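Read through the structure below, which is laid out as structure tokens, and then see the notes.
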Amino acid sequence: MTAQAALDLALRPLLPTDVPLLAQIYRASIEELTADDYSQEQQEAWASAADDEDAFGKRLADRLTIVATLDGTPIGFATLADGREIDMLFVHPEVAGRGAGTMLCDALEKLAKARGATRVTTDASDTALSFFERRNYVAQQRNAVLFGGQWMAHTTMHKQLTGEGPK
Ligand SMILES: CC(C)(COP(=O)(O)OP(=O)(O)OC[C@H]1O[C@@H](n2cnc3c(N)ncnc32)[C@H](O)[C@@H]1OP(=O)(O)O)[C@@H](O)C(=O)NCCC(=O)NCCS
């Protein structure tokens, strides 16, 4: 991570006008960051959830969605469902590895804790499994889910928020 990138990263709430750009980030993130873990057919099925932008925007609006920006431009986003589930976490491939995922996760864990959650859960993609393990998430069970006609593997993980709380 460069010091410059760290300085320019910021978080803000979702704006309705963000939806088309967040849909692009979602697709690009899946297409370019998950190829080692999922087949092209699986990636296409996963990315197709953003094809209907109205439905995608509703999914974001129905959850607590925060947006990561670099120099004011959205470059990633994450959503918290039911006050305790990290439901979506996507960073644009051009800025992956610069700390945006960490900022987004830190913020959602703090928001979950502030809302009374004692632990957060996530269904981690195989791509994000190590990212969550490094954040002290513990794998609970491996799942196969049918997504857009493709079977996809992910892992349900949780992290306790009690004690010292999220880092
Ligand atoms: C997973 C993801 C959100 C991480 O975002 P990011 O901005 O790249 O993460 P950060 O830069 O904050 O990385 C934090 C640390 O995790 C590591 N890390 C990030 N992605 C990783 C990966 N896929 N595998 C292993 N380690 C990873 C980084 O190297 C970094 O390590 P460091 O602290 O030693 O520097 C991003 O890679 C992504 O969008 N992936 C594709 C979509 C996806 O699978 N989303 C999750 C759905 S559950």
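Observations, loosely collected:
- Condition check for ALA139: surrounded by fewer than 16 Cβ atoms within 10 Å (Cβ to Cβ), in contact with a strand residue (DSSP E or B) (Cβ under 7 Å, 6 or more places away or on another chain) and touching a residue at least 24 places away in the same chain (Cβ under 8 Å): no
- Note on segment 112-128: residues that are of a type outside the set (Lys, Arg) and surrounded by fewer than 16 Cβ atoms within 10 Å (Cβ to Cβ) amount to 4.
- Residue pairs whose Cβ atoms lie under 9 Å apart, sitting 6 or more positions apart in sequence or on different chains, and linking a residue in segment 32-57 that is within 19 Å of LEU15 (Cα to Cα) and of a type in the set (Gly, Ala, Ser) to a partner that is open to solvent by 90 Å² or more (accessible area, probe 1.4 Å) and away from the ligand (no atom under 14 Å from the Cβ), are GLY57/PRO16.
- Looking at segment 21-125, the strands (runs of 3 or more DSSP E) lying wholly inside it that each contain 1 or more residues that are aromatic (Phe, Trp, Tyr) and either in contact with a strand residue (DSSP E or B) (Cβ under 9 Å, 6 or more places away or on another chain) or within 15 Å of the ligand (Cβ to nearest atom) (or both) sit at 73-81, 85-91.
- If you go through segment 9-26 and pick out every residue that is open to solvent by 60 Å² or more (accessible area, probe 1.4 Å) and under 13 Å from the mean Cα position of the chain (by Cα), you end up with 0.
- Within segment 102-111, one or more residues are closer than 21 Å to THR34 by Cα, open to solvent by less than 40 Å² (accessible area, probe 1.4 Å) and under 14 Å from the mean Cα position of the chain (by Cα).
The values are calculated or read from the model by the stated rules, or taken from the named source; none is laboratory data. Here the structure is a predicted model, which is why all the values come from computation and not from measurement. Don't worry about glycine lacking a Cβ; one is built from the backbone with ideal geometry, like all the others, and counts go over all protein chains shown. Heads up: the accessible areas ignore ligands, DNA and RNA and are worked out on the full protein's heavy atoms, side chains in. Shrake-Rupley method; radii C 1.70, N 1.55, O 1.52, S 1.80 Å.
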